[in-house]
1. Which lysines does residue 309 reach when only Cα atoms under 16 Å apart count, and residues fewer than 8 places away in its own chain are ignored?
2. Please work out the C-alpha center-to-center distance from segment 333-348 to segment 95-153 and express it in whole Å.
3. For an R0 of 30 angstrom, estimate the FRET efficiency from the Cβ-Cβ distance between residue 274 and residue 311 and round to the nearest 0.05.
4. How large is ³J(HN,Hα) for each residue in segment 226-242, as worked out from phi by the Karplus curve 6.51 cos²θ - 1.76 cosθ + 1.60 (θ = phi - 60°), to whole Hz, x for Gly and Pro?
5. Can you tell me what the convex hull of the Cα atoms of segment 27-87 projects to on average, as an area in nm²?
6. Can you list the GluC sites (Glu not before Pro) in segment 118-147 that are in a DSSP coil and have 12 or fewer other beta carbons within 10 angstrom?
7. Where is the GNM fluctuation largest for the chain (alpha-carbon springs, 10 angstrom cutoff): 245, 233, 133?
8. Please list 3J(HN,Hα) in residue order for segment 132-137, calculated via the Karplus relation 6.51 cos²θ - 1.76 cosθ + 1.60 where θ = phi - 60°; whole Hz, with x for glycine and proline.
Amino acid sequence: MKQIQAYGTEDKNAKLKPLTIERRELLENDVDIDILFCGVCHSDIHSAHNDWGGTKYPLVPGHEIVGRVTKVGNAVKKYKEGDLVGVGCMVDSCQDCNSCAEDLEQYCENGMVGTYNGKDKHTGKQTFGGYSTSIVVKEEFVLSIPENLEIKAVAPLLCAGITSFSPLNHWKIKKGDKVGVIGLGGLGHMGIKFAHAMGAETIMITTSPNKAESAKDLGADSVLISTNGEDMTKQNGTFDFLLNTVPVKHDINPYIQLLKRDATMVLVGAIEPLEPMNGGQLILGRKRVAGSLIGGIKETQEMLDFCGKHNIVSDIEMIDMQEINTAFERVTSNDVKYRFVIDMKSLK
Ligand code: NAP
Ligand code: ZN
């Protein structure tokens, strides 16, 4: 085991602080990565505060990791020292079940191993995330990063990017579709960029009128303020697809009303009970409410290649590791445009 520096928390009410953690020795299929940048996802905050239950402490968050390969195991074929690589929300899965066979490791029937707060299959110990100087990951869960992109702005693609790309891709969003993205945060701003790049008429649906101008700069054709009931009603029955990134319990009924017959709203944000849904809203228009979890490794690579081709990265604000507690507070109070990224030099 190798000891490295990290930032994490030992209790749901405690602030993040410097910790020393262990990384496993390199196995034959492993890649050792020197972490350059790590994005700050709202899920890091939910996990640190144990909002979903199940957090084990100490917790070292971080699943939007970009770095350079420093060493590879004897059997590694795809990567070599110096390669620019990424790691997202998963570092392992059974690679044997139906979901894994279909490149959907995020839905592994035996449970995927989270980049943090998971259980390492080799050591039996807890996994620690990217708020750290280096990470050891099995080759199959390492992504290749297009070298033409701005590296630090690539980090959020590993979670915010794939989580918004995957539903748009799965529901085959195409030119001419009217797509609404609900919530302009880390996931939402990537949803706007992807829906726009896929040719859809893209509408930002936000609670924050002050974000309207920047939503248009990101690629939104127009902006709908969800707290304005009259404007919402005017748009009822007009959307082909909605991507809902709202991170907390909320009333989804006004959004369902926006859908056309047979159209779908995909939830990616609120991993918790919602306000009661009116069944009539769905029944009377054969509408659907679905969910989606990140994306598989193959699809994540496709998303990164799509970004390389269309020159898409995240809009970011850089921070040092020592500023993480303020960053957590600012994400929670809806004050970031649109993703914090930690410069890991600050921890080395
Ligand atoms: P974020 O940066 O905080 O953005 C969330 C946005 O939702 C906010 O900017 C705000 O946008 C809107 N919002 C916040 N509170 C709201 C409320 N009470 N009612 C309506 N809108 C509200 O968060 P994020 O990093 O994008 O993550 C979003 C959620 O997705 C989190 O819960 C995260 O844990 C989850 N997540 C899920 C997956 C998955 O695989 N499904 C992956 C990653 C993250 P406006 O100001 O525009 O309204
Ligand atoms: Zn995330």
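The values are calculated or read from the model by the stated rules, or taken from the named source; none is laboratory data. Bear in mind that the values here come from a model prediction, so they are computed numbers and not experimental data. Every residue, glycine as well, gets a Cβ built from its backbone with ideal geometry; the counts of neighbours run over all protein chains shown. Note: accessible area is taken over every heavy atom of the protein model, side chains too, but ligands, DNA and RNA are not part of it. Shrake-Rupley method; radii C 1.70, N 1.55, O 1.52, S 1.80 Å.
1. By straight Cα distance, residue 309 reaches 193.
2. Using only Cα atoms to place each centre, the spacing works out to 21 Å.
3. Working: r = 36 Å, r/R0 = 1.21.
FRET efficiency, residue 274 to residue 311: 0.25.
4. 6, 7, 9, x, 5, 5, 4, 4, 4, 9, 4, x, 10, 9, 7, 7, 10
5. Values: hull surface 20.0 nm².
Computed as one quarter of the Cα hull surface, the answer is 5.0 nm².
6. On the way: sites: 139, 140, 147; in loops: 147.
Counting only loop positions with at most 12 other Cβ atoms within 10 Å, the GluC sites (Glu not before Pro) in segment 118-147 are 147.
7. 233
8. Running phi through 6.51 cos²θ - 1.76 cosθ + 1.60 with θ = phi - 60° gives 7, 7, 7, 8, 10, 9 Hz.
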